[in-house]
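Take a look at the structure below.
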Amino acid sequence: MIRGLSYLFLFSDKRLGYSVLSRIILILSLLIILILSRSVHNFYIYISYPIIILASEFVILTIIGRLRKVLSGIFMIAIFILIGIIIQLINVFLRLPAPGLTEIIIGSFRLTAFFIGFTLIFQLINVREWRSILSRLGLTEHAQTITMVLAQIPVILTYFSEALVTLRLKYKGRKIFSAITPLIYYTAQNSRNIIETYIMYPMKESRENINLFNKKDLLIYIYIISLITPLTIS
Amino acid sequence: MRNQQPLLELRDVWFRYKDGEWILRGVKESFYEGETVLIIGEAGSGKTTLARAVTGLGETLYGGELKGEIVYRGRDIKELDFSELFKEIRVVGQNPYNYFIEPLLREDLMSHIRYLVDDEKKAEKIFNKIVDMTRLRKLINRYFYELSGGEARRALIAKALASDPVLIIFDEPLMWLDDDSTKDFLMNIVFLKELRKTLIILEHRFRPLINISDRVLLLRDGVLKDVTSKIKSISREKMSKEDPVVTKRSFDNKVILKTIDLWHRYDHNIILRNINLSVDKGDVVMIYGPNGSGKTTLLKILAGYLKPWRGRIYRDADMMYIPQNISLFYTEESVKKEVQEICRTRGLGERCAKDLLKKIVDIGIDVNLSPFDLSYGQQVKLAIEISRNVSDNIMLLIDEPFSGLTYVDRIEILKDLLTDDKTKIIATANLDIISRYRSHTKIYMLREGSLYEYIHSEADENIDLEFLKSLYRGSL
């Protein structure tokens with residue numbers, strides 16, 4: 001499950017043939033449309049857009065061959081969402097102030113869609129492209145840091161999984177939150193080792209060609225326009 | 001060889017970390033081009049520090065203080081800048097996973113090669129050469145964290161070779177390597193020797209490396225001492241003796257763990273196939289298998305953390321998991337708090353903490369220290385001591401407790417594990433010390449997902465503990 005979660009932050013190596021710019025615009029558009037659809041005073045848009053965007057994200061994940069892995073990773077996030085829904089339903093049952101059932105369900109879809117949309121930033125844009133973009137913006141050192149952080153996320157998540165098994169048994173299911181302590185220790189201990197790597201095995205500044213347009217991009221732009229049009233009308 | 005100028009010369013080298021004791025205390029040694037030198041020493045003897053001192057990172061990155069001179073090809077290393085130095089001297093460190101910057105292996109290697117050469121065609125040529133030399137072709141499209149310890153080490157060797165270095169320093173290269181990967185690593189060393197590379201290997205688990213080393217040096221009390229003839233004289237017959245152990249185990253043959261036709265898969269890959277394992281109370285079971293064979297997965301299923309894909313498990317014990325990365329076992333700021341916390345959460349009261357702290361003091365651990373500040377061996381010993389004293393019906397699931405330990409620590413920990421009456425399942429990738437205690441354990445082999453009873457071979461490596469203790473103490 002946690003291993004699956006790590007794939008949410010890793011680039012899929014499947015070449016899709018879309019330009020970097022169109023991929024960035026796609027991700028940002030999905031996130032912005034998701035936010036805007038909440039403030040539009042149209043009930044149908046309010047309930048349908050989170051579902052449409054979530055479905056679009058699943059299609060993207062299927063195309064890049066990540067759907068199974070992401071679904072296994074998203075399971076943990078889904079648990080938290082489920083807990084939230086249960087609390088809200090209890091509130092409804094106890095007649096405490098709570099949103100309606102439709103809002104709770106749509107809110108869960110929206111949250112899941114937002115989370116997956118955010119992770120698409122890492123799955124659709126590879127680290128070399130990030131490095132290249134940031135280098136061109138004059139942020140070369142930040143680019144290296146981002147690369148390092150992205151590369152280490154799966155390792156940290158694997159250790160997190162190990163710590164959870166260990167501490168769940170050690171403390172008989174209590175104090176699970178303390179799994180974070182050994183991870184902080186691990187991160188502090190290894191940060192210097194990783195700097196050592198930078199000094200001993202440096203990388204060339206990224207030469208990745210940042211292409212701004214491919215013919216195939218039109219598909220993405222048409223899709224975005226088709227999503228935005230109903231929003232602007234209402 | 002000795003008629004030539006030394007490639008690397010350590011002239012009365014002293015080194016200490018900021019505000020610390022001197023770790024290197026006047027090291028005088030010369031290393032010659034093309035030779036392979038094995039440096040052994042106990043945990044904490046300063047082997048990694050020596051590598052840091054030689055590369056200049058000890059001062060620059062770790063804020064240490066260096067006295068004396070380190071001379072590379074007749075020049076003080078302080079006169080060389082890092083980009084110049086690290087093209088000629090390469091370090092292959094303990095944890096290979098720390099040495100990758102790009103997630104994808106192919107990209108990681110290429111990014112580094114592009115730094116070394118400007119021409120894309122040349123970069124491709126070097127890439128293909130090092131990938132073929134280190135037999136990495138099948139792995140280049142994998143993420144580095146998906147590689148086994150042995151594969152990651154091989155990938156790092158490839159990265160080190162990219163600049164065609166003169167000197168390669170290996171810091172504990174056999175750590176995390178299974179027996180097959182160890183053989184693989186030895187082949188790499190033979191190959192590097194053929195390329196006339198100068199190799200300095202810093203290693204606890206040195207037995208497999210003795211025959212391919214030209215010299216063996218012992219790092220003790222901050223200085224290097226030549227022990228080549230002593231180390232090479234270890235007698236084979238003397239080593240294959242079984243070591244008797246007095247165990248407190250009562251043989252009541254009560255089955256406390258049983259798996260029936262257990263299968264497990266991840267994505268579409270079958271990891272475990274039809275595992276049938278029966279463990280009696282007090283048994284010490286060894287699961288021996290290469291890296292990536294599914295040992296950790298099996299332990300997690302037995303612990304109840306992972307659900308098997310198929311099959312059933314019967315458990316009648318309080319399970320405790322001790323991970324390979326031992327620091328993940330600890331959560332508190334001191335050993336004392338660690339003990340108090342586990343006794344409290346398990347509802348065992350103050351008596352438990354008091355008795356347990358006494359036992360921990362008896363094994364020589366300062367209870368006021370942070371568990372994270374203990375040596376690797378002490379952390380393993382502490383985790384075992386805590387685990388076996390918090391329940392009468394405990395079953396310890398221990399993942400690779402021996403990697404990263406000296407032979408002396410390995411044998412002491414294994415002997416200790418064999419003496420009590422607690423049930424243990426130990427996953428290991430190395431048989432080296434286990435054969436010595438084969439009559440006290442049930443050994444199974446996990447290979448390609450299936451579990452077989454292991455049949456002992458006389459060729460299994462074994463160690464003369466007394467010889468090694470005397471060697472480390474310098475009383476030989």
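Sequence-ordered 3J(HN,Hα) estimates for the range B:328-333 from the Karplus curve with 6.51, -1.76 and 1.60 and θ = phi - 60° stand at 6, 6, 9, 9, 9, 7 Hz, glycine and proline given as x.
Inter-chain neighbour count for A:124-130: the average number of beta-carbon atoms from partner chains within 10 Å of each residue's beta-carbon is 2. Less than 5 angstrom separates the built amide H of B:Ile39 from those of B:Ile201, B:Leu202, B:Glu203, B:Leu217, all sequence-distant by 5 or more or on a different chain. The charge dipole of the protein assembly as shown, taken about the Cα centre with unit charges on the Cβ atoms of Lys, Arg (+1) and Asp, Glu (-1), comes to about 1520 debye, rounded to the nearest 20. Neighbours of A:Leu8 by Cβ distance under 10 Å: Lys/Arg scored +1, Asp/Glu scored -1, total +2. A:Arg192 contributes about 100 Å² of solvent-accessible surface, heavy atoms of the protein only, 1.4 Å probe. Each of B:Gln5, B:Leu405, B:Phe86 was placed along the dipole of the protein assembly as shown (beta-carbon charges, centred on the mean Cα), and the one lying farthest toward the positive end is B:Leu405. The magnitude of the dipole of chain B, with charges of +1 and -1 set on the Cβ of Lys/Arg and Asp/Glu and taken from the Cα centre, is near 740 debye. Cα centroid separation, the range B:400-426 to the range A:157-201: 23 Å. Note on B:Glu88 and A:Ile83: with the Förster distance fixed at 35 Å, the Cβ-Cβ geometry gives a FRET efficiency of about 0.05. Averaged over the residues of A:191-198, the number of partner chain Cβ atoms lying within 10 Å of the residue Cβ comes to 5. Couplings 3J(HN,Hα) for the range B:40-49, derived from phi with the Karplus relation 6.51 cos²θ - 1.76 cosθ + 1.60 (θ = phi - 60°), are 10, x, 5, 4, x, 6, x, 5, 5, 4 Hz, where x marks Gly and Pro. Since only B:Thr228, A:Ile79, A:Ile121 are under comparison, the one whose Cα sits farthest along the positive direction of the charge dipole of the protein assembly as shown, derived from C-beta charges on Lys, Arg, Asp and Glu, is A:Ile79.
Between the amide H of B:Leu277 and those of B:Thr259, distances stay under 5 Å, these residues lying 5 or more places away or on another chain, with hydrogens modeled in the peptide plane. When only the Cβ of Lys, Arg, Asp and Glu is charged (+1, +1, -1, -1), the dipole of the range A:102-165 relative to its Cα centre reaches about 220 debye. Relative contact order of chain A, taken over Cα pairs closer than 8 Å and 6 or more residues apart, is 37 percent. Each label point was placed 7 Å from the Cα along the Cα-to-Cβ direction; for A:Leu218 and B:Asp180 their separation is 5.2 nm. Here the Karplus curve 6.51 cos²θ - 1.76 cosθ + 1.60, taken at θ = phi - 60°, turns the phi angles of the range B:21-35 into couplings of 6, 5, 9, 9, 10, x, 6, 10, 7, 10, 10, 10, 4, x, 8 Hz, with x standing for Gly and Pro. Put A:Tyr198, A:Tyr186 in order of accessible area, highest first, and with a 1.4 Å probe you get A:Tyr198, A:Tyr186.
In this calculation the C-beta distance from B:Arg310 to A:Leu164 is compared with R0 = 30 Å, giving a FRET efficiency of 0.80. Of the residues A:Lys204, B:Lys258, the one with the largest accessible area comes first in the ranking B:Lys258, A:Lys204, computed with a 1.4 Å probe on protein heavy atoms.
Below 8 Å, C-alpha to C-alpha, sequence gap of six or more: please give me the relative contact order for the range A:1-140 in percent. RCO, the range A:1-140: 45 percent. Taking a ≥ b ≥ c as the square roots of the Cα gyration tensor eigenvalues, chain B comes out prolate, since a/c reaches at least 1.5 and a/b is larger than b/c. When only Cα pairs below 8 angstrom with a gap of at least 6 residues are kept, the range A:60-153 shows a relative contact order of 15 percent. Computed with a 1.4 Å probe over protein heavy atoms only, the accessible area of A:Phe160 comes to about 50 Å².
If I take R0 = 30 Å and measure r between the Cβ atoms of B:Glu65 and B:Gln5 in this structure, what FRET efficiency does the formula 1/(1 + (r/R0)^6) give, to the nearest 0.05? Efficiency computed from Cβ-Cβ geometry: 0.60.
Note on exposure: B:Phe402, A:Phe9, A:Phe43 ranked by accessible area (1.4 Å probe, complete protein assembly) read A:Phe43, A:Phe9, B:Phe402, with the most exposed listed first.
Of A:Ile90, A:Thr145, A:Tyr201, which is farthest on the positive side of the dipole of chain A, counting Cα position, with +1 on Lys and Arg Cβ, -1 on Asp and Glu Cβ, and the Cα centre as origin? Ranked along the dipole, the leading option is A:Ile90. Near the amide H of B:Leu224, within less than 5 Å, lie the amide hydrogens of B:Lys28, all on another chain or at least 5 residues away, with H placed in the peptide plane.
Pull out a ≥ b ≥ c, the square roots of the eigenvalues of the alpha-carbon gyration tensor of the range A:37-194, then state rounded if a/c is under 1.5, prolate if not and a/b is larger than b/c, and oblate in the remaining case. Oblate, since a/c reaches 1.5 and b/c is not below a/b. Can you classify the protein assembly as shown as rounded, prolate or oblate using the Cα gyration tensor, where a ≥ b ≥ c are the square roots of its eigenvalues, rounded means a/c under 1.5, and otherwise it's prolate if a/b beats b/c and oblate if not? Since a/c reaches 1.5 but b/c is at least a/b, the shape of the protein assembly as shown is classed as oblate.
Chains A and B together bury roughly 5500 Å² of accessible area, counting both sides, with a 1.4 Å probe on protein heavy atoms only. Take B:Asn276 and B:Ser370, extend 7 Å from each Cα along the Cα→Cβ direction, and tell me the distance between the two endpoints in nm. Once both label points are built, they end up 5.0 nm from each other. Rolling a 1.4 Å probe over the protein heavy atoms leaves B:Trp22 with an accessible area of roughly 50 Å². Distance between the 7 Å Cα→Cβ label points at B:Arg438 and B:Asp214: 3.7 nm.
The values are calculated or read from the model by the stated rules, or taken from the named source; none is laboratory data. Keep in mind the model is a prediction, meaning the values are calculated, not measured. Cβ sites come from the backbone with ideal geometry, for glycine too, and all protein chains shown count toward neighbours. These accessible areas exclude ligands, DNA and RNA; they are computed on the full protein's heavy atoms, side chains included. Shrake-Rupley method; radii C 1.70, N 1.55, O 1.52, S 1.80 Å.
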